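This report refers to the structure that appears directly beneath it.
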Amino acid sequence: MSQPVPYRGGGFRPKRIRGLGLLVFIALLLIAEWGTRAGWITNLTLPRPSDVIRTLWDLAVSGMLWTHLGPSLGRLTVGAFFGAGVGVLVGVAIGLSSMMRAAMVPLVAALFPIPKIALLPLFVIWFGIDEMSKYALIAFGTFTPTVVATYGAVDNVDRTLIKMGQSFGLSRISIIRKIVLPGAMPGILSGLRISLAIAIILLTAAEMIGAEYGIGAYILQAGALYDLERLFAGVTILSVLGVTLSFVLGRVEGRVLRWRI
Amino acid sequence: MDLKIDALTHHYGPTEVLADINLEIPTGRIICVVGPSGCGKSTLLRFVGGLERPSEGQVLQLSEPPADSLNPFTFVFQDFALLPWRTVDGNVRLVLEDHGLGKPEMDRIVLDVLKRTKLADFADALPKNLSGGMKQRVAIARALAVRPAVWLMDEPLSALDAQTRELLMDDLVGLWQLQPFTAVYVTHNLAEAVRLGHRIVVLSRRPGKIRKIIDIDMPLEDRAAGNASLTKIEQELWHLMRDEAEAADQELIT
């Protein structure tokens, strides 16, 4: 008897397949379009994708898209910048100092599970109905996950590299700047992915209370009128915003983490 | 710079790891420390380099380190300890940056040490693209850059394959001949010890004590692999260590 040895290897190794993700999107949209046109999906269940696209187009042409998107982007930028920025600082401090760790980790653990949206009324009382309360909500929401991701990342920095730095007499500040921070960067960036997604969720929530313009306000108005085309248009904008942020972050990772295998 | 290890004893909690170590480390010699695993030889090296403090006893400098030495006690690690996000050039530069040398001087040193370790063509490569032997040569270049008074080598060749190890041993001998350096070289590989050591210190199983000190007078350049008298010393060392190594192997790790 002679036959080849049966092959049992392979698999378990993610490959990059271009365009398939986009194809899934398009297929779903086409099915929805077909269903709403043919009538087996009623207009009350789902708006026609082509109508949603037309609504988006009108929104863009009338300039209202920017009227809503501008304030939203501003809130997102300011809130996420402060939340993530302070989060990274506190996270690094926890990672480096036993004192900070003992003091702050229980506090962060206590703050993390609080649904930040529930605190919105409180924030309105503290910071007023204007922009400040929205910034604060987004900042607070991005702060905790960033802290947790950052100190975890600092903990995971290869100790032999730190020992090497000490053995060559590097100053403490050099060790932090040249060894700890770059070593923690992969973990910090993947934490940032989660934080930014949370920021978008909180942005929408914040804009549903006391905002005239903003994607959240736009969605709320549409929802109140059961205007499904506009509601879906707003959701699409949020979705695109999320994908864009994730893409930008992917680019940043590719650049900053070029040294990784 | 001459060093003296004076009545050094160390405990980790209730466990005694090193007991009453007395040893002289003369300038320009390579001292090899061998012993079964877990005998505290790497710990001893960390005491000499000031990365840890012994429970009792001390390591004494008998003279001032040379004035031009940027980092008198310089380690070469088993796992290379290169920053993966820095190029070969950047890894060497790292240890010079805190000394306020100025760019031209730094460039000169980096170029010089990369040449001496045959790495000049790879200055812009990242560690992930280098073989194990190359990585360790980068670590050696980095150590050369700070002009150490004493080299502290912690199993520097143990992560490499046998052929690469031979090549790097030749490199080390070459560097020593060019400019004799002082080194404490910890290894569990007896062939390395007899090739590179002017003096071989055999430690016993935990708690590590000095069991025997063997001086080898043969010049480094004459020591080829398979040399009869070296093989004899290697066998003698193995004879000394065999039972201990076996016992150490049977021990539960606590």
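Descriptive notes on the structure:
- Odd one out for B:F47, checked against (1) open to solvent by 60 Å² or more (accessible area, probe 1.4 Å); (2) out of contact with any helix residue (DSSP H, G or I) (no Cβ under 7 Å at 6 or more places or on another chain); (3) more than 12 Å from every other protein chain (Cβ to nearest Cβ): (1)
- Test: residue in region A:99-113 that is touching a Gly at 6+ places or on another chain (Cβ under 6 Å) and either assigned to a helix (DSSP H, G or I) or surrounded by fewer than 21 Cβ atoms within 10 Å (Cβ to Cβ) (or both): no
- Residue list for region B:59-71, filter: open to solvent by 90 Å² or more (accessible area, probe 1.4 Å) and within 14 Å of B:K4 (Cβ to Cβ): B:Q61, B:L62
- For region A:198-220, residues that are on the phi < 0 side of the Ramachandran plot, touching a residue at least 12 places away in the same chain (Cβ under 8 Å) and not in a helix (DSSP H, G or I) total 4.
- Qualifying residue in region A:122-135 (condition: under 29 Å from A:D158 (Cα atoms) and open to solvent by less than 20 Å² (accessible area, probe 1.4 Å)): no
- Subset tally (residues that are open to solvent by less than 30 Å² (accessible area, probe 1.4 Å) and either within 14 Å of chain A (Cβ to nearest Cβ) or hydrophobic (A, V, I, L, M, F, W, C) (or both)) for region B:122-133: 4
- Only one of A:I94, A:I125 that is touching a residue at least 24 places away in the same chain (Cβ under 8 Å) and either more than 14 Å from chain B (Cβ to nearest Cβ) or not in a helix (DSSP H, G or I) (or both): A:I94
- Breaking point among (1) surrounded by 20 or more Cβ atoms within 10 Å (Cβ to Cβ); (2) outside any loop (DSSP other than H, G, I, E, B); (3) free of Cβ contacts under 8 Å to residues at least 40 places away in the same chain, for A:L170: (2)
- When region B:78-90 is filtered for residues that are more than 7 Å from chain A (Cβ to nearest Cβ) and over 10 Å from A:M164 (Cβ atoms), the ones remaining, listed by number, are B:Q78, B:R86, B:T87, B:V88, B:D89, B:G90.
- All positions within region B:57-77 that are under 15 Å from B:A145 (Cβ atoms), out of contact with any His (no Cβ under 8 Å at 6 or more places or on another chain) and either within 14 Å of chain A (Cβ to nearest Cβ) or at pLDDT 90 or above (or both): B:S69, B:N71, B:P72, B:F73, B:T74, B:F75, B:V76
- Checking region A:189-198 against the condition returns a match, with at least one residue being within 14 Å of chain B (Cβ to nearest Cβ) and either of a type in the set (S, T, N, Q) or open to solvent by less than 20 Å² (accessible area, probe 1.4 Å) (or both).
- Odd one out for A:Y218, checked against (1) within 21 Å of the chain's Cα centre (by Cα); (2) surrounded by fewer than 17 Cβ atoms within 10 Å (Cβ to Cβ): (2)
- The residues listed here are B:L96, B:L114, B:L119; of these, the one that is within 12 Å of another protein chain (Cβ to nearest Cβ) and surrounded by 18 or more Cβ atoms within 10 Å (Cβ to Cβ) is B:L96.
- Single unsatisfied condition, B:R199 versus (1) among the basic types (K, R); (2) at pLDDT below 90; (3) surrounded by 14 or more Cβ atoms within 10 Å (Cβ to Cβ): (2)
- For region A:243-260, residues that are within 14 Å of another protein chain (Cβ to nearest Cβ) and either free of Cβ contacts under 8 Å to residues at least 60 places away in the same chain or loosely packed, with under 10 Cβ neighbours inside 10 Å (or both) total 4.
The values are calculated or read from the model by the stated rules, or taken from the named source; none is laboratory data. Note that this is a predicted model, so its numbers are computed, not measured. Ideal geometry is used to build each Cβ from the backbone, glycine not excepted, and the neighbour counts take in all protein chains shown. Calculation scope for accessible area: heavy atoms of the full protein, side chains included, ligands and nucleic acids excluded. Shrake-Rupley method; radii C 1.70, N 1.55, O 1.52, S 1.80 Å.
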